[in-house]
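Undergrad: Here it is, the structure in full.
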Amino acid sequence: MSTTRQLLDDCFLHDKDRMKHAEVLDTIDRSLNLVVNDEELSLDDAYGRIIAQDVIAPRNVPYTDNTAVDGYAFSHADYISYEGKLALGALIAAGDSHEVTLKKGECARIFTGAIMPQNAETVAMQEDYEITEDGKIFIPSGLKLGANCRKAGEDLKAETCVINQAELLTPAKIATLASIGMAQIKLRKKLRIAILSTGNEILDASQPFSAGKVYDANRPMLKALLASPMVTISDLGILPDNEAAITQAMRDAAQNHDLILTSGGASRGDEDHMLNVLSNLGKRHLWQIAIKPGRPMMFGQINNCVVVGLPGNPVASMVCANLYVYPVIAKLLGMPIKQPQGISVAADFEINKKKTDRREFLRGWLQEDENGNTIAVKFDRDGSGLITGLRKATGLIEIPEEVNKINKGDRVCFVPFHAFKPS
Ligand SMILES: Nc1nc2c(c(=O)[nH]1)N[C@H]1C(S)=C(S)[C@@H](COP(=O)(O)OP(=O)(O)OC[C@H]3O[C@@H](n4cnc5c(N)ncnc54)[C@H](O)[C@@H]3O)O[C@H]1N2
Ligand code: MOO
């Protein structure tokens, strides 16, 4: 009696020995470390870079008590006892460095940012005053003690650590560094990334089209996805399915890059040479990952250069880049791997997962339903070559391993694409 072997016509059904998503992230976390040195640069060149030092505030910000408005400064006790009628005793402009002391019953004309008189702690806005017949400044009652006065150190206290090494410098952190007068900053050098595509069928967009060929979508997509001030990207073009040519290019690239990203040729077809090349030049692991899409991914090393071989299908390539290449970049720059923040929303779709044990990432976007509630919409087809779904999506809908069915209205986790970026 013969038994008929069932066809594996869904390549995702063949799930033996797959690495779980969390296990891949854990392996990246455990096996990679900071590889770049530091350099000292001007604050003007620091935006989007990774800081390589802790920063301690050397003094209070603001340095002294100062006014938040243009108006009149006085002691609240005098304001009460003189029933709001105060004599003009001084004029203080922003930038004046001398300390003014008011006499009993006096106020000072003062401008936003100017140092408060020593014995004043309250400011009335200039819109609220009147001049009395005897030439005094009259402030109506009702102002609270300390109104419109900014206290020394209320933004930053001297000696507090305001930024830790390995943080990404955002515009707000640049403002913080500027506010304490740091003109030069120690930064992590840029991570040197090389990107290449492989495949005899792959054409550059500048080449004429012919049957059997496919324009290279992955290399331009990866360059755009990873472009950031914290990296430099070398475009190594397209390599044919030729082991000698791939070996030569990878050997050369490994000498002056920290990370090589390839796409295509990551599985075990006769024309998939990446595995052999990596085995010959260094160390390699072929990961069969229990996710959809993005199953085959290669991970290895040529001397000190890390190599990630992304799958050829553009959707799989982009999903893997978001899920795993960002964490690799973070680790090589000495940053912690972050957990992308998703939001829980109601699903506008139904799915029956063919398998549990794998995590699925659906291309999707958020929309409002007729009641004004936010819902997650899924691109209607799953094919890993369909760039249309990527284009329409603003993020990934993450379906965990243990979930095998989603009904319309079930809560799902939507992760916007920007949440994957190291930050
Ligand atoms: N018999 C099996 N075949 C395949 C399996 C499998 O398990 N058994 N897995 C499929 C899955 S899933 C993926 S993903 C791919 C991964 O294979 P490779 O990384 O070796 O990719 P290629 O075979 O080189 O290409 C796959 C596909 O993508 C197109 N491609 C490649 N590079 C680009 C590019 N730069 N821009 C646009 N399109 C690209 C290529 O022409 C192929 O159509 O293997 C499946 N096969
Ligand atoms: O892993 Mo392959 O994920 O989609 O096309």
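Undergrad: Evaluate the charge dipole of the range 163-285 about its Cα centre and quote only its size in Debye, nearest 20, assuming +1 on the Cβ of each Lys and Arg and -1 on the Cβ of each Asp and Glu.
TA: Dipole about the Cα centre, nearest 20: 760 debye.
Undergrad: Here's a follow-up. Could you sort 414-420, 40-46, 241-247 so that the peptide with the highest average Cβ count within 10 Å comes first and the rest follow in order?
TA: The most tightly packed comes first, giving 414-420, 241-247, 40-46.
Undergrad: Please tell me the relative contact order of the range 286-353 in percent, rounded to the nearest whole number, where contacts are Cα pairs under 8 Å and at least six residues apart.
TA: 18 percent
Undergrad: Could you check the simple spin-label distance between Lys213 and Lys421, using points 7 Å along Cα→Cβ, in nm with one decimal?
TA: With each label point 7 Å from Cα toward Cβ, the separation is 3.3 nm.
Undergrad: How far apart, in nanometres, would the label points at Asn200 and Asp45 be if each is projected 7 angstrom from Cα along the Cα-to-Cβ direction?
TA: In this crude label model, Asn200 to Asp45 measures out at 4.6 nm.
Undergrad: Along the positive direction of the dipole of the chain (beta-carbon charges: Lys, Arg +1; Asp, Glu -1; about the Cα centre), which of Ala330, Ala254, Leu168 reaches farthest?
TA: The residue sitting most towards the positive pole is Ala254.
Undergrad: Computed FRET efficiency, Cβ-Cβ of Arg391 and Glu370, R0 45 Å: what is it to the nearest 0.05?
TA: 0.95
Undergrad: With +1 on the Cβ of every Lys and Arg and -1 on the Cβ of every Asp and Glu, and nothing else charged, how large is the dipole of the chain about its Cα centre, in debye rounded to the nearest 20?
TA: Here the size comes out at about 1360 debye.
Undergrad: Turning to a different aspect of this structure: Peptides 120-126, 24-30: what's the order by average Cβ count within 10 Å, highest mean first?
TA: Packing proxy ranking, top to bottom: 120-126, 24-30.
Undergrad: Residue farthest toward the positive end of the dipole of the chain, with Cβ of Lys/Arg at +1 and Asp/Glu at -1: which of Val55, Met230, Ile406?
TA: Ile406
Undergrad: Another question, if that's okay. Using R₀ = 56 Å, calculate the FRET efficiency as 1/(1 + (r/R₀)^6) where r is the Cβ-Cβ separation of Ser141 and Ser97; round to 0.05.
TA: 0.95
Undergrad: Taking a virtual spin label 7 Å from the Cα of Asp357 along the C-beta vector, which residues in the range 387-403 bring their backbone nitrogen under 17 Å of it?
TA: 400-403
Undergrad: Here's another thing I want to ask about it. Taking θ as phi - 60°, what are the ³J(HN,Hα) couplings along the range 304-317 by the Karplus curve (6.51, -1.76, 1.60), each to the nearest whole Hz, with x for Gly and Pro?
TA: Each residue's phi maps through the Karplus curve to give 8, 9, 7, 10, 10, x, 8, x, x, 4, x, 5, 4, 5 Hz.
Undergrad: Could you order the peptides 292-298, 49-55 from most to least packed, using the average number of other C-beta atoms within 10 Å per residue?
TA: The peptides rank, most packed first, as 292-298, 49-55.
Undergrad: Name the residues whose placed amide hydrogens come within less than 5 Å of the amide hydrogen of Ile260, ignoring near sequence neighbours (fewer than 5 apart) on the same chain.
TA: Ala194, Val306, Val307, Val308
Undergrad: Hey, with R₀ at 51 Å, roughly what FRET efficiency would Lys338 and Ile80 work out to, going by the Cβ-Cβ distance, to 0.05?
TA: 0.45
Undergrad: Across the range 183-197, in residue order, what do the Karplus-derived ³J(HN,Hα) couplings come to in whole Hz, using 6.51 cos²θ - 1.76 cosθ + 1.60 with θ = phi - 60° and x for Gly and Pro?
TA: Residue by residue, the range 183-197 yields 8, 10, 10, 7, 10, 6, 4, 5, 6, 8, 10, 10, 10, 9, 10 Hz.
Undergrad: Would you list His76, His257, His273 from fewest to most Cβ contacts within 10 Å?
TA: Lowest to highest Cβ neighbour count: His76, His273, His257.
Undergrad: Right, next: What 222 nm value per residue comes from the helices of the chain, counting each DSSP H run with n ≥ 4 as -39,500 (n - 2.57) and dividing by all residues, nearest 500 deg cm²/dmol?
TA: It lands at -5000 deg cm²/dmol.
Undergrad: Out of the range 315-423, which GluC sites (Glu not before Pro) are coil in DSSP terms and have no more than 15 other C-beta atoms within 10 Å?
TA: Glu350, Glu370, Glu402
Undergrad: Report, in listed order, any pair from Lys20/Lys353; Lys186/Lys331; Lys223/Lys292; Lys292/Lys331; Lys157/Lys190; Lys292/Lys378 with a Cα-Cα distance greater than 20 Å.
TA: Check vs 20 Å cut-off fails for Lys223/Lys292; Lys292/Lys331; Lys157/Lys190.
Undergrad: With labels modelled as points extended 7 Å from the Cα through the Cβ direction, what inter-label distance (nm, one decimal) is found for Thr232 paired with Arg30?
TA: 3.5 nm
Here, each number is a calculation from the coordinates, and none is a lab measurement. Bear in mind the structure is a predicted one, so any value in this text is a computation, not a measurement. Ideal geometry is used to build each Cβ from the backbone, glycine not excepted, and the neighbour counts take in all protein chains shown.
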